[in-house]
Amino acid sequence: MPGKKYKKAQEYYLKAYDIAKKLGDKNKLALYGVNLGKVSNWLNELDVASDYLNEAAVFAKGNEPLELQVQAMLAENLLCRGDFEAGKKIAFDLQAKNKENNFENRNINSTILNLLARAFFLEKDYDKCVYYINLCLKATRDLEGRMRLYDQLSDVYVLQKKDGKALATLRMMVSTRDSLDNMTQKNVYETNKVKFDVLNYKNDLKISREKSRFEHKIFGVLIVFFILLLFFLFRMHRNRIIKQEQKKIIIEREQKIINLELESEKSNKRMLEQQIKEIESGALLEQERLKNEIEQKNRKLLAKALYLSGRNDMIEEVVNSFQKFQMFLTIIR
């Protein structure tokens, strides 16, 4: 969990470092370089930390407090690498320089004393470690920092098998933690009060904005409604005109169809009348022809009848002559 926290911090410091590099701000480059070095040390990325700190040392020239911070982080880097002597040397030099120049920066002094305490702890020189932790406690006003120091001091007393001092130190740590909790609660209360006031202001502002937005929305809705109404009326009018045009076109088409049907019926009627006339004319011709044929046949029959009548008369004369001849023969005999 702390690793993720440090990694996130490293990302933020790196973004700030890149921005400062683009702006060319040397003081901020030195400060962010120190912070990146510190976080990289905690993440055990010692080479990365060393690179950032060496760059920060260049940017920090002329700014003694920043130079001290760079040197302190370089000392911590050496301690993390296991080079205790080199780390302690830098820390002692820093302590001397700090006293010589009488810097009023308690954080730098606390950092130096904490580095020395850590160096002696790693070398298992617990007496000197206790000494520097106590010096660091005197120089540290931050309750959270003091609580961590009491915790470290308790661990050292346990290693020295000084259980009474370890227990007393733990009590001091608990007391410090209670003070820190009380202060935190007070700060939280004040912060929450400020947040509450800000929240009330934001709520009032939000209500005002929401009211304004609501009024704008109502106005917008009314405008949209009127636009839609006009559009709807326009569409109705347009649809009515279209329907009237369509109805007119349909009526004209139906009229044309009726006219065409009437013309077709008239044409059919004329054709039928013509056909009837043709049939009647043909019938008259046929009737005339039949009449002529009948007259011709009648004439033929009459001629034949006359012929047969004359022939019968002639036969009758021959028969009569034959009978007369027979009677003459009878007489003769």
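Taken together, the values in this text are just the output of simple stated rules run on the coordinates, not laboratory data. If you're wondering where the values come from, they're calculated on a predicted model, not measured in any experiment. Because the Cβ atoms are built from the backbone with ideal geometry, glycine has one as well, and the counts that use them run over all protein chains shown.
What residue, of Leu66, Leu36, Leu115, Leu31, is crowded, with 16+ Cβ neighbours inside 10 Å, in contact (Cβ under 8 Å) with a residue 24 or more places away in the chain and in contact with a Gly (Cβ under 8 Å, 6 or more places away or on another chain)?
Exactly one residue qualifies, and that residue is Leu115.
Read through the list (1) under 26 Å from Gly82 (Cα atoms); (2) within 57 Å of the chain's Cα centre (by Cα), then give the number of the only condition that Glu144 fails.
Only one criterion in (1) under 26 Å from Gly82 (Cα atoms); (2) within 57 Å of the chain's Cα centre (by Cα) is unmet by Glu144, namely (1).
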